[in-house]
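Please read the structure below before turning to the comments.
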Amino acid sequence: RIYVNDPEQILKDNPLTKELEQKIISASGSNQVLSIRESAGECDLKAEGLSVEGLCDIISNRGAYEGREDFISRYLVQGNLPQDKNEVLLVDIVQEIRPVSVGDHATLKLGKNKTDVVIAGFFDAAYVGTSDGFKSEDGANVMITKDLAQEMFPETENFEYSWEIITAEDSKEEMQKKLTDLVYDKNISICSFKTEVSYLQAQMNLIWGGVQRISLFILLFAVINLINMLLSNFNSRRW
């Protein structure tokens, strides 16, 4: 995946352009570029007793894969897809933090713009608005309609946030080098499947090392306790 490193850049001069897409496709005849997410950048949604910050993705049948209505509807935890321009979806974890329900009113701030919205439903963040690799903080927390995004940012035509580059198995390493050259100095980050696996393996090794140390401490404590009990029993019987 490649994604815009600074979400504010989406609304100013989005580096994920049609020209870049053509260059990526031309770099190898077998390449495919799949648009994954469209975003309106950082947002701040406030309701009674609730404050949600993070990235705001866009729902659009003409847009990115994870922003398509037919895809999102499969992973709605509660509620329905927005039927009105000012209806929004929230990430499901919000309900675990604050009591908020479908139909509640809220205020959404995007950049310098504010508008009143209504919560239409909650989506599963494991499938919708997913984070790019190990950069977990860039997952979507709010999703708005394309009409609302265009109303709030009429000068922005390109809301692309992340792409997935599909290439042949035998040319992945070569393609990653070419991608690095193509996105150099364009405010774009790269996350490969190999990099993500390595990161997760390092995390698991760290956790496993901690578990081993705790287990060893418990074992030593148990052995010392056992020896102490045997010595106490031995002395008691001898007495």
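Observations, loosely collected:
- For the set Asp104, Asp185, the ranking by accessible area, highest first and with no ligand, DNA or RNA atoms included, is Asp185, Asp104 under a 1.4 Å probe.
- Area of Lys85 that stays accessible when all protein chains are in place (1.4 Å probe, Å², to 10): 70
- Furthest towards positive pole of dipole, Met229, Val91, Asn5, structure part the chain, Cβ charges: Met229
- Relative to the longest principal axis of the Cα atoms of the chain, the long axis of helix 172-182 lies at roughly 50 degrees.
- Packing rank of 19-25, 208-214, where each peptide gets the mean count of other beta carbons within 10 Å, highest leading: 19-25, 208-214
- Averaging the Cα positions of each part gives two centres, and for the stretch 1-21 and the stretch 161-214 these lie 19 Å apart.
- For the stretch 1-62, the equivalent ellipsoid derived from the Cα gyration tensor has semi-axes of 31, 12, 9 Å, listed largest first.
- Sites Asn233 and Gln203, calculated FRET efficiency, Cβ-Cβ separation with R0 45 Å, nearest 0.05: 0.50
- Percent of Cα-Cα distances greater than 19 Å, calculated over the stretch 76-126: 24
- Stokes-Einstein, applied to the Kirkwood radius of the stretch 1-111 over Cα pairs at a viscosity of 1.306 mPa s and 10 °C, places its translational diffusion at 99 µm² s⁻¹.
- Local electrostatic count at Leu76 - Lys and Arg +1, Asp and Glu -1, tallied over other residues with Cβ under 11 Å: -2
- Furthest towards positive pole of dipole, Leu179, Leu206, Ser192, structure part the chain, Cβ charges: Leu206
- Backbone phi angles across the stretch 83-91, fed through the Karplus curve with coefficients 6.51, -1.76 and 1.60 (θ = phi - 60°), yield HN-Hα couplings of 9, 10, 4, 9, 8, 10, 10, 10, 5 Hz in residue order; Gly and Pro are listed as x.
- Averaged over its residues, the chain has an accessible area of 61 Å² per residue, based on protein heavy atoms and a 1.4 Å probe.
- For the chain, averaging the sequence separation of C-alpha pairs within contact (under 8 Å, six or more residues apart) and dividing by the residue count gives a relative contact order of 27 percent.
- Of Ile144, Ile58, Ala126, farthest towards positive along the dipole that unit charges on Lys, Arg, Asp, Glu beta carbons give the chain: Ala126
- Accessible surface of the chain, 1.4 Å probe, proportion on carbon and sulfur as whole %: 52
- Length released on extending from Lys172 to Glu53, taking residue separation times 0.36 nm less the Cα-Cα span: 39.3 nm
The values are calculated or read from the model by the stated rules, or taken from the named source; none is laboratory data. Source: prediction; values computed, not measured. Using ideal geometry, Cβ is built from the backbone for each residue, glycine included, and neighbour counts are taken over all protein chains shown. Just so you know, the surface numbers come from the protein's heavy atoms only, side chains and all, with ligands and any DNA or RNA stripped out. Shrake-Rupley method; radii C 1.70, N 1.55, O 1.52, S 1.80 Å.
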